[in-house]
Structure formats: C-alpha cells, structure tokens
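Student: The structure is given below, and queries will be raised subsequently.
The values are calculated or read from the model by the stated rules, or taken from the named source; none is laboratory data. Computed from a prediction, not measured in an experiment: that's the story for all the values here. With ideal geometry, Cβ positions are generated from the backbone for all residues, glycine too; neighbour counts draw on all protein chains shown. Each accessible area value is taken on the protein alone, full model and side chains, heavy atoms only, with ligands, DNA and RNA left out. Shrake-Rupley method; radii C 1.70, N 1.55, O 1.52, S 1.80 Å.
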Amino acid sequence: MTETQQVRTYPFSEELGIHVDPIYAELRSEEPVTRVQMPYGEVSWLTLGYEDTKTVLTDPRFSRAAAQGQDQPRLREEMAYEGIVGLDPPDHTRLRKLAGKALTARRVNAMRPHAVRIAEKCADDMIAHGSPADLVEHFALPFPIAVICDLIGVPFEDRGKFRVWTDGLTNTAKPVMSQAEELFAYMATLVAKRREEPTDDLLTALVRARDDEDQLTEQELLSIASVGLLLTGSEAVSTHIPNFLYALLTSPEHYEQLKARPELIPAAVEEMLRFIPLNPAALFPRYATEDVKLGTVVVREGEPILASIPGANRDPEVFAEPEKMDFTRESNPHVAFGHGPHHCLGAQLARMELQVMLEVITTKVPDLRLAEGDEGVEWKRGLLVRGPKKLRVAW
C-alpha cells in the first residue's frame, strides 16, 4: 500500500440518476487503483480502469472464497447471502457448468416468442390503464418477473411474493438473512413438487442435475434457483428497463433513432448496458491470496479489492468518447455483466428481455414521453441497485 495515498469515502456521492460521478474519470487518470472506505467493512482497494478491472475479475490471485469470513467492504451492516458468487474454481466451475446446462442459449432463444407475448400484454395493460402511467409499476416490474417465473416454473399466483423478497434482499437497511430463509423455504416446496411431477421448466432441469447426476447439494440447488437465477434474473432487468427508457426519453433523438432503425436495438442494448450503471458502488470484493502489483501499487496478501464496472465502462483507452451514448459504436467490449469466471449467468436472458422490451415499447407506444419531466421520476434509495422507483410516462 502507498503510505501517503488518501482513503476516500465510497460510494463517492449519492448519484441517483444514470450518470457516473466525474471523480471516476479524475481518479482513473491520476490514481487508477485507489483506496476507499465503504459504509461497512475494512478499507479496500478500488480499480477504476478497464484493464485493472478485468484483471481483478479474472486473476485467480484475487479470490472470492477468501472473502468469506472477512469484514468485507459493503453497503449494509449485515453480510449479504452470496451463494455461488462467494466461490472460486473448482467449486464455482462445477456449479456454473451445471446451471449453464439448464440455462442454455437454446432455452433462452426458445423463450423469446413467449417473452414478446408477455411484453405486449404488459404494454397493452399499461395503455389500457391510460396516460399518464407509472412505467415501473405497469411494465418494468411485471414483465421480467413473469419471464423468469415462467422459465423457472413459479406459479403465477405466487409472483407477487418475489417483489417483497427482492426488495428485502437488495435493501441496505433491511436484514437479508430472514428474507433469504423465506425465499429458500418457498423454493424448497417447489423443488419437492418438481421431484413428484417433473415438467419442462428450468427448476426441473436443476433438480435432475441434483438427483440424477448427484452433482448439486440441496443447498446449492436452492441457492442457484433462488438467488442466482430468480432474484438476479428479475431485479437487474426490472431496474434497467426504466433506466434505459429514462435515458431514451431524456435524449429523444435516440428514441427516434430506434423507431426509425429497429435493427439497431441489439447494439443499443449493449451501449446502454455500458453507459448506465446498475449498482451505486462496486460489490463482491476479492481478497489477494498473495502480493499482486497493479500499475504502480501493490495489493498485499489478505487485502480486499473492488472492481469498478462503471469506471471500466467509461475508460477512454477502450471506448471512444465514453461519455457519449452511441448506438452505432463499432466496438463495445463492456463489462456490465462482469468478466471471467463470475460473468453473469443470466446475461443472455437479460439481453433478450431488454431487446424485446425496446422492440415492444417503440412499436406499441411510439409517442412515449416523460409525463412530468424529472418531477415524475422517483429514484431508488438505499438499495444495491440503482434506477427509478417510479417513472411517470405519457403518450
């Protein structure tokens, strides 16, 4: 550690919009690996550049398993339940391979027509409600929850429960373990039903991986199904839908561009994933298992380090004009879904849902606009995700 290096409070500020604090750019050029203190836990290193961030996410000398039992840097007092995210290879590799077999590209592609129907139904319901309407309530929440619940096999009448559990597990002011226990108990009842009456859903595929091949423990099965897929699969998308639309409606030339050129939608999704931060701060610290040099600093064995996704995704060494949202960007190797062994398991599902959302909204509600400007936008506070809690739109 550099003895004279300042320890900065992190997150650097309470950014509620889709913007990235300018201090990221300042530090990236002056102090690309810096020292920070989160609200809880010990002092940590933080990467701000693209290459350093990728190194932390991929180098086996930076361990997630070594973080377990440590006073990890974090946003809330209570330690989060981490499941598969708290493992290193080979345990992580084994679980990810099994979950990956269940969540295949073929399964995601086969779901697309059904996802379109769900999105169209949500859009129709919002239109039937009448203008103006809260897009979060009428579209951003029900659409991804319906998709992931159908994928896993959660009964329709139980979907409302997951909004309560998701809020509890992502709220920095609420106890997380009680919420996780309730979710696991519920999922255990579904697992028991799938053993008695197998279906063609993802949960049945995971049960078979547990029972037929005996490669998953019961706890691992519940963790992957509950936290690894159900919660992360709905929360990230339900947060980014209003993020994306806020970005488009406050930059209407981009919305017009997608209406005129719908073939740009896949590239637009990638660009907004790069441009718009999902989390208020870097999460899931790694711990160095030996001394590692990053640029001009040495991360000592036993020290934690956080990888900044927004910092990496705005690095001018990799992205031309990184502060500009450009749907015709030729190269976009963003790390919004992470990188390396812990690359988001549901990345392709999220991409598909976000593409479907833009296709449906730009077609069904071509004249969409903010109903009350920024006055009609209420931002989430005190959560592990960052986006509008309410987005009042009109057409």
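Student: When a/c reaches 1.5 or more, the comparison of a/b and b/c decides; with that in mind, is the chain rounded, prolate or oblate per its Cα gyration tensor?
Tutor: The shape class here is oblate.
Student: If you take the alpha carbon radius of gyration of the range 77-146 and divide it by 2.2 N^0.38 Å, what ratio comes out, to two decimals? Don't skip to the end; give the middle numbers.
Tutor: Numbers: Rg = 18.1 Å, N = 70, 2.2 N^0.38 = 11.1 Å.
Cα-based Rg divided by the globular estimate yields 1.64.
Student: Just how large is the dipole of the range 64-204 about the Cα centre, in debye to the nearest 20, putting +1 at every Lys and Arg Cβ and -1 at every Asp and Glu Cβ?
Tutor: 640 debye
Student: OK, next. Hey, what number do you get for the chain at 222 nm if only DSSP H runs of n ≥ 4 count, each worth -39500 (n - 2.57), divided across all residues, to the nearest 500?
Tutor: Values: 14 runs with 175 residues, N = 395.
Calculated from helices alone, the mean residue ellipticity at 222 nm is -14000 deg cm²/dmol.
Student: Distance in nm between label sites at Ala394 and Lys193, each 7 Å beyond Cα in the beta-carbon direction?
Tutor: Distance between the two pseudo-spin positions: 4.3 nm.
Student: Next up: Run the dipole for the chain about the Cα centre, Lys and Arg Cβ at +1, Asp and Glu Cβ at -1, nothing else charged, and hand back the magnitude in debye, nearest 20.
Tutor: Magnitude of the dipole: close to 600 debye.
Student: Then there's this: As a test, work out the antiparallel percent of DSSP beta bridges whose residues both lie in the chain, rounded to the nearest 5.
Tutor: Working: 20 of 27 bridges.
Restricted to the chain, the bridges split so that about 75 percent are antiparallel.
Student: May I pose another question? So, with a 1.4 angstrom probe, what is the percent of accessible area on the chain that is carbon and sulfur?
Tutor: 51 percent
Student: Let me ask something else about it. Determine the gain in length on full extension of the stretch Ala347-Glu256; use 0.36 nm per residue of separation and subtract their C-alpha separation, reporting nm with one decimal.
Tutor: Working: separation 91, 0.36 × 91 = 32.76 nm, distance 2.65 nm.
The span from Ala347 to Glu256 would gain 30.1 nm if fully extended.
Student: Here's a follow-up. Would you mind computing, in nm to one decimal, how far apart the modelled labels at Glu372 and Lys121 are, each placed 7 Å from Cα along Cα→Cβ?
Tutor: Distance between label points: 3.0 nm.
Student: Right, another one. What full-extension length gain, to one decimal in nm, is calculated for Asp291 and Ser13 as 0.36 nm per residue of separation minus the Cα-Cα distance?
Tutor: Separation in residues times 0.36 nm, less the Cα-Cα distance, equals 97.0 nm.
Student: I'd like to know which of Gln70, Ile118, Gly130 lies farthest towards the positive end of the charge dipole of the chain, counting +1 on Cβ of Lys and Arg and -1 on Cβ of Asp and Glu.
Tutor: About the Cα centre, the residue reaching furthest to the positive side is Ile118.
Student: Considering only protein heavy atoms, what per residue accessible area in square angstrom results for the range 208-330 with a 1.4 angstrom probe?
Tutor: Spelled out: the 1.4 Å probe surface of the range 208-330, per residue, equals 39 Å².
Student: List, in order, the whole-Hz ³J(HN,Hα) value for each residue of the range 349-360 obtained from phi through the Karplus relation with A = 6.51, B = -1.76, C = 1.60 and θ = phi - 60°; use x for Gly and Pro.
Tutor: So the Karplus estimates, Gly and Pro as x, are 5, 4, 4, 4, 5, 5, 5, 4, 4, 5, 4, 6 Hz.
Student: Hey, with R₀ at 35 Å, roughly what FRET efficiency would Asn109 and Val43 work out to, going by the Cβ-Cβ distance, to 0.05?
Tutor: Step by step, r from the Cβ atoms, then E = 0.20.
Student: Give me the 1.4 Å probe accessible area per residue for the range 14-161, excluding ligands and nucleic acids, in Å².
Tutor: 44 Å²
Student: Charges at C-beta only: +1 for Lys and Arg, -1 for Asp and Glu. How large is the resulting dipole of the range 351-395 about its Cα centre, in Debye rounded to 20?
Tutor: Dipole magnitude for the range 351-395 comes out near 240 debye.
Student: Follow-up question, since we're still on this one. Go through 115-127, 37-49 and give me the packing order, highest mean Cβ count within 10 Å leading.
Tutor: Highest mean packing first, the order is 37-49, 115-127.
Student: What FRET efficiency do you get for Glu323 and Ala185 if R0 is 45 Å and r is their Cβ-Cβ distance, rounded to the nearest 0.05?
Tutor: Computed FRET efficiency for Glu323 and Ala185: 0.45.
Student: Here is a further query. Hey, rough spin-label estimate for Glu78 and Gln5, points 7 angstrom out along Cα→Cβ, what's it come to in nanometres?
Tutor: The answer from the label model is 3.3 nm.
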